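Novice: Below you'll find the structure I mean.
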Amino acid sequence: MSRNFCPAAFSFWASLLLFKEVAPKALSSQNLSDRCGARPAIVNITAEIQTVGGHVVQPGAWPWQVSLQIYHIPSGRYRHICGGSLINNNSVLTVARCIKKWVNPEYWRVVIGLHHLYKPHSHTISRRVRSIIVHSDFKWDSYENDIAMFKLVKFVEYNKYIQPICLSHNSHLMTDKNPCYVSGWENRKKKGKIHTVLQEARVITIPLHVCNKYERYKERLSTDMICAASPTNSCVGDSGGPLMCYFPSVSKYYLIGITSFASGCYPDEYPGLYTHTVSYRKWIDFHLHNKTATTVNIQSILVLLTMEWIILFPSFWRAVVGLHHITRLHIHTRRSRIRAIIMHPGFNKITYENDIVLFKLIESIQFNQYIQPICIPDVPVALNDEMPCFITGWGRTTEKGQGRDVLQEAQVDIIPISTCNRHDWYAGMVKDNMICAGSEKGGIDGCQGDSGGPLACYISDLTRYYLVGISSFGYGCGRPRLPGVYLQTGFYRRWIQTKVILFDKAMTRKAPYLFFLPAGWIVFCSVL
């Protein structure tokens with residue numbers, strides 16, 4: 001897991017600015033009634049509906065199937081996370097539990113018309129995400145309201161490999177003449193593994209009163225859910241992927257459910273659980289027609305406010321200096337509210353370049369023996385083994401451990417960038433204005449809760465500690481060949497000085513010469 005825990009402030013700021021924009025008119029699912037649920041790439045649709053069991057599909061078999069992907073920092077590639085269903089030319093339905101901590105739309109992309117997960121075709125389309133709308137009543141500890149909508153930045157052009165699926169306004173009467181399918185790349189026989197080629201399997205629906213008898217569900221299932229299982233030994237279906245049923249009377253497929261929980265691969269195990277789309281049709285229609293929510297709607301903003309820490313609102317922050325125990329203030333401890341937050345305009349949330357922020361405090365801090373400023377080098381420091389370097393923080397000491405109440409410190413080795421960029425390390429991710437620090441063997445590293453903290457090195461000739469780096473990102477905590485990566489402050493001295501002087505000029509009309517970061521300023525990282 002990544003240990004980069006500063007929320008992407010710039011993208012969240014953009015979300016707020018874009019909130020009042022008016023989106024181009026999208027085609028709603030109602031407008032698509034004559035062109036949804038068709039599979040033009042499949043010639044003989046009646047032969048296809050007789051198939052049972054999990055197997056590889058034909059290209060274009062399920063033209064509404066999408067792959068929801070997150071950018072994976074260590075590999076520098078996008079990674080398949082969940083499935084989804086295209087319901088019009090700029091909207092995808094999935095489940096809320098797929099979103100997890102990745103609430104920022106800019107982390108995602110949607111890939112449509114995909115057959116082989118790693119080999120896109122000429123008809124495959126990739127789209128960035130404008131907004132993620134999570135049902136406001138979704139809760140992790142239940143299966144209710146497990147639904148989310150992705151709105152795309154750019155509209156999708158339909159072809160025989162890319163088509164929307166139909167949505168129903170009321171429950172269709174399901175009979176044996178309505179074969180139902182699930183599809184996806186997930187391999188549930190091997191947890192965490194995926195198939196490279198899209199799979200499909202026929203499933204049968206199970207009455208809720210039967211499903212509620214399973215120990216897993218314990219009478220917790222409501223009419224807003226559907227239970228279904230494969231009659232054969234199949235193990236197909238992504239979280240967020242479609243449960244689709246064919247209705248011969250109209251020769252169309254309808255999205256009956258969205259895969260919420262799919263446990264068993266065998267008939268005697270737990271049936272899969274699906275969000276019943278009919279129950280959420282009003283919610284779906286509201287967000288399809290909501291022209292103002294071009295970035296996130298109100299309830300999605302609330303998710304961002306709680307999960308991304310409201311980074312751009314100074315009033316929500318405070319700085320505590322001279323702290324030893326995280327919850328126990330000392331006589332010498334000082335607190336200050338935040339006047340302003342200044343982010344580097346070149347911050348890139350994917351590459352972590354320019355990962356730096358300045359906090360301007362409202363109250364000036366009085367120095368004492370427990371509170372002192374650290375020096376910032378004028379130029380990038382040529383680090384060597386004779387220069388002791390330390391990291392500090394209250395973060396976790398192990399990857400799955402808890403944060404510490406008392407401030408921790410660790411001495412780290414500076415690792416050459418050429419070593420850090422080897423293919424079995426960070427594979428070229430580390431830029432020249434970054435520093436790798438930790439241990440080749442692992443075990444010594446920052447972790448969750450330490451991002452933004454100092455990499456301080458002692459320069460004996462000057463008998464001072466210098467802030468040579470700011471904790472920026474890493475993969476896991478203390479893993480071999482994956483040390484912490486730090487922004488090198490020497491490259492940003494001019495930017496820091498310029499921002500401090502300009503801000504202080506605006507406030508006091510005075511511009512003191514900067515030898516070190518003066519009282520009232522904190523240098524931080526852009527992303528937690």
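The values are calculated or read from the model by the stated rules, or taken from the named source; none is laboratory data. What you see is a predicted model; the values in this text were computed from it and never measured. Using ideal geometry, Cβ is built from the backbone for each residue, glycine included, and neighbour counts are taken over all protein chains shown.
Novice: Can you work out which of the residues in segment 263-277 that are modelled with pLDDT of 70 or more and among the hydroxyl-bearing types (S, T, Y) is surrounded by the fewest Cβ atoms within 10 Å (Cβ to Cβ)?
Specialist: Let us first name the residues in segment 263-277 that are modelled with pLDDT of 70 or more, namely 270-277.
Subsequent filtering for residues that are among the hydroxyl-bearing types (S, T, Y) retains 270, 274-275, 277.
Values: Y270: 17, Y274: 28, T275: 30, T277: 25.
It comes out as Y270.
Novice: Among the strands (runs of 3 or more DSSP E) lying completely within segment 380-476, list those that include at least 3 residues that are under 30 Å from the mean Cα position of the chain (by Cα).
Specialist: Working: elements: 389-393, 408-415, 434-438, 454-459, 464-473.
In segment 380-476, the matching strands (runs of 3 or more DSSP E) lie at 389-393, 408-415, 434-438, 464-473.
Novice: Over 27 Å from L482 (Cα atoms), at pLDDT 90 or above and of a type in the set (A, V, I, L, M, F, W, C), is that true of L93?
Specialist: Details: over 27 Å from L482 (Cα atoms): yes; at pLDDT 90 or above: yes; of a type in the set (A, V, I, L, M, F, W, C): yes.
The answer is yes for L93.
Novice: Would you confirm, using the coordinates I've provided, whether Q497 is among the polar types (S, T, N, Q), part of a helix (DSSP H, G or I) and either at negative phi or at pLDDT 90 or above (or both)?
Specialist: The answer is yes for Q497.
Novice: From the list I112, I133, I87, I99, pick out the single residue that is outside the structural domain of D424 (by the TED database), within 12 Å of the chain's Cα centre (by Cα) and surrounded by 21 or more Cβ atoms within 10 Å (Cβ to Cβ).
Specialist: Of the residues listed, the single one that is outside the structural domain of D424 (by the TED database), within 12 Å of the chain's Cα centre (by Cα) and surrounded by 21 or more Cβ atoms within 10 Å (Cβ to Cβ) is I99.
Novice: Among the candidates Y143, Y158, which residue alone is surrounded by 15 or more Cβ atoms within 10 Å (Cβ to Cβ), under 18 Å from W62 (Cα atoms) and among the aromatic types (F, W, Y)? Show your work before the answer.
Specialist: Values: Y143 fails: under 18 Å from W62 (Cα atoms).
When all the criteria are applied, what remains is Y158.
Novice: Could you list, in sequence order, all residues of segment 291-325 that are at pLDDT 65 or above, within 28 Å of the chain's Cα centre (by Cα) and either on the phi > 0 side of the Ramachandran plot or of a type outside the set (K, R) (or both)?
Specialist: Applying the first criterion (at pLDDT 65 or above) to segment 291-325 yields 314-325.
When the remaining residues are screened for being within 28 Å of the chain's Cα centre (by Cα), the result is 314-319.
Hits for segment 291-325 are P314, S315, F316, W317, A319.
Residues checked against (1) surrounded by 18 or more Cβ atoms within 10 Å (Cβ to Cβ); (2) polar (S, T, N, Q); (3) closer than 20 Å to T351 by Cα:
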site: I391; (1), (2), (3): yes, no, no
site: Q411; (1), (2), (3): no, yes, no
site: I414; (1), (2), (3): yes, no, no
site: G446; (1), (2), (3): yes, no, yes
site: G453; (1), (2), (3): yes, no, yes
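Novice: Of all residues in segment 229-245, which are out of contact with any helix residue (DSSP H, G or I) (no Cβ under 8 Å at 6 or more places or on another chain) and at pLDDT 85 or above? Walk me through it before giving the result.
Specialist: First, pick out the residues of segment 229-245 that are out of contact with any helix residue (DSSP H, G or I) (no Cβ under 8 Å at 6 or more places or on another chain): 229-238, 241-245.
Passing the criteria: G241, P242, L243, M244, C245.
Novice: Right, something else. Please name all residue pairs, on different chains or six or more residues apart, with Cβ atoms under 7 Å, provided the first residue is in segment 376-388 and is in the same structural domain as E409 (by the TED database) and the second residue is of a type outside the set (A, V, I, L, M) and at pLDDT below 85.
Specialist: Final answer for the pair search is I376/F516.
Novice: Kindly indicate whether any position in segment 358-365 is under 30 Å from I415 (Cα atoms), part of a loop (DSSP other than H, G, I, E, B) and at pLDDT 85 or above.
Specialist: Within segment 358-365, the first condition is being under 30 Å from I415 (Cα atoms), and the residues that meet it are 358-359.
Remaining after also requiring part of a loop (DSSP other than H, G, I, E, B): none.
Within segment 358-365 (the criterion being under 30 Å from I415 (Cα atoms), part of a loop (DSSP other than H, G, I, E, B) and at pLDDT 85 or above), the answer is no, since none of the residues qualifies.
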